[in-house]
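Input: a single structure, listed below in structure tokens.
Read-outs throughout are calculated quantities, based only on the coordinates presented, and are distinct from any laboratory measurement. Not measured: the values here are computed from a predicted model. Cβ: placed from backbone, ideal geometry, glycine included. Neighbour counts: every protein chain shown.
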Amino acid sequence: MNLLDIFLELLIVVIAVVSLVANLLVLLCFTCSAQVRAQVPAIFIMNLSFCNILIAVLNMPSTLLGVVKHQKPFGDHFCYTVSFMDTFLTANTMLSMAALSIDRWIAVVFPLTYPSKMRLKNAALMVSYAWLHSLAFSLTTLLLSWVDYSPAYASCTVHLREDAESRGHFVVFTAVFHACTFAFSLFILCFAYLKVLQVARFHCKRIDVITVQTILLLVDIHPSVKQRCLLEQKKRRQRATKKICIFIGSFVLCFAPYVITRLTELAPSVKIARYWGIMSKCLVYSKAASDPFVYSLLRQQYKKALFGICNRILGRNLYTLSGHSSPSDLENECYSQRPLARHAGSLKLVLKTLQCCLGKEL
């Protein structure tokens, strides 16, 4: 066993542990927080987390054993099951991310009609489509015996045996599968989030003008208040772009190498290197570990839910200890800022103006 094998084994273990813990925390927030459950996007996030947990429990250990043993880790029937789940869960996670982007697009571009367009029933229909779509492709691979252990990926996945005669059909199926899952989901992500970015930039420009006009009108505004407003303008312009780059960039970075590799190996003369195949598979697995942080755990509602759960367990106010101001902290801050008291009205007016551009969170 060389160092590269050890590195891959440790990488899979770390990804599996982070993915399992983080996604379980998301499910725990959904179970314990009525505020989280009341949100329509939570339906998509729960479906995504459920799929990620199954990947961490079934597929990642199978790949780990394949890296260690350099052969099929289990018997044929179990390997077929893992292969079926690999296709089903990968497609389902991609479509869940696409559904989340559609939800954000409707929320930002059509805020007034969002409650009527994106109800729990509509969200359930979108999740049902994701399941049926994934089930159709995974059942096809199982019925046509295109599931087996692949040495190139050290995984039980979609694989055509060397003695199989239906290579042409397998090539067509692989191309259609990736076009209907990866390419389709990527198109929806790009379309939805670019529309969101367009609207966000429009509102930011409009509020920037209002903010500058407000600052000019307030002649006696304190320099620190003016500096704070200008700094908030700069952050506001970057916030939407940064989030959208994370949404689309993480999707492409984690899935594109694996998809390109699977399409490249369809050529009879191409032989995929084992370490590259395993590494591309690890990139797919890393998406399961990053999704909870990209879509949920770093949001305010989930932070509140987690602190609430910790408070119940430990019986103390961790939300205050986490950096949020307590009443005494606020009182001390007020005393330290007495020289700025005469500018409180100006600050309040400017901050109200700034709040107008925040709108709904992406």
How far apart, in nanometres, would the label points at R239 and A124 be if each is projected 7 angstrom from Cα along the Cα-to-Cβ direction? 3.4
Quickly rank 115-122, 59-66 as a protection proxy: mean count of other C-beta atoms within 10 Å, highest first. 59-66, 115-122
In what sequence, highest mean first, do 279-287, 136-144 appear when ranked by Cβ atoms within 10 angstrom? 279-287, 136-144
With the Cα gyration tensor of region 1-149 giving a ≥ b ≥ c as the square roots of its eigenvalues, does the rule (a/c under 1.5 for rounded; else a/b larger than b/c for prolate; else oblate) give rounded, prolate or oblate? prolate
Amide H proximity to V147 below 5 Å, modelled H, separation 5+ or other chain, gives H159
With a ≥ b ≥ c from the Cα gyration tensor eigenvalues, square-rooted, and the rule rounded for a/c under 1.5, otherwise prolate when a/b > b/c and oblate otherwise, region 99-143 is prolate
Which order do the peptides 150-160, 288-298, 172-182 come out in when sorted by mean C-beta neighbours inside 10 angstrom, highest first? 150-160, 288-298, 172-182
Excluding V158 itself, calculate the net charge of residues whose Cβ lies under 9 Å from the Cβ of V158, where each Lys or Arg counts +1 and each Asp or Glu counts -1. -1
